[in-house]
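The next block holds one structure in the form of structure tokens; read it before the comments.
Derivation of every value follows stated rules applied to the coordinates shown; laboratory data play no part. As the structure is a prediction and not an experimental result, all values here were calculated from the model. Virtual Cβ from ideal backbone geometry, glycine too; neighbours counted across all protein chains shown.
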Amino acid sequence: KSPAAAGADLVPFHKLTQWTTYSLVEPIEKVLGWEVEGMEDMTGLPEYRNGGLLVDFDVLTLRPGAVSSYRETPTSLPKLPPSHPAIIEWRAMTVIELDRIADGIRKKLNFPFTLAQVLESATWKGGREIAKQKRPETGGPPIEIESDGTVF
């Protein structure tokens, strides 16, 4: 595709589809006795709890000037549309870092946790807890997204 082609500037994230898949796999396997293959190919969820954890712990930081123009909010956090390059980068780096975190946890504990187990028990839960400590008034992410909740 040429850069001018419609959608050439988009990075696809399938958070809601992935979340649904992660949620359905365990009951499908346990209740129906089916084996779901390919789970190792699922990616981490590029959502604000996981991504927020990485920003709150300075694993990821915004590049200087990345949010030079953003909508001011009462909390003085940047509020950006989902299409903003900083948000796209944040989400893409979140997926990469979640794999690294999962590998580190597996090695440290010498246990073959699935990525879904790491997401649920470590990064998503940890993201909620650190957000509540850092932003007790909202418990929200370190970067606000202009969204109806279906994007991030």
Tally Lys and Arg at +1 and Asp and Glu at -1 over the other residues with C-beta under 12 Å from the C-beta of Met42: what net charge comes out? -3
Local electrostatic count at Gly139 - Lys and Arg +1, Asp and Glu -1, tallied over other residues with Cβ under 11 Å: +3
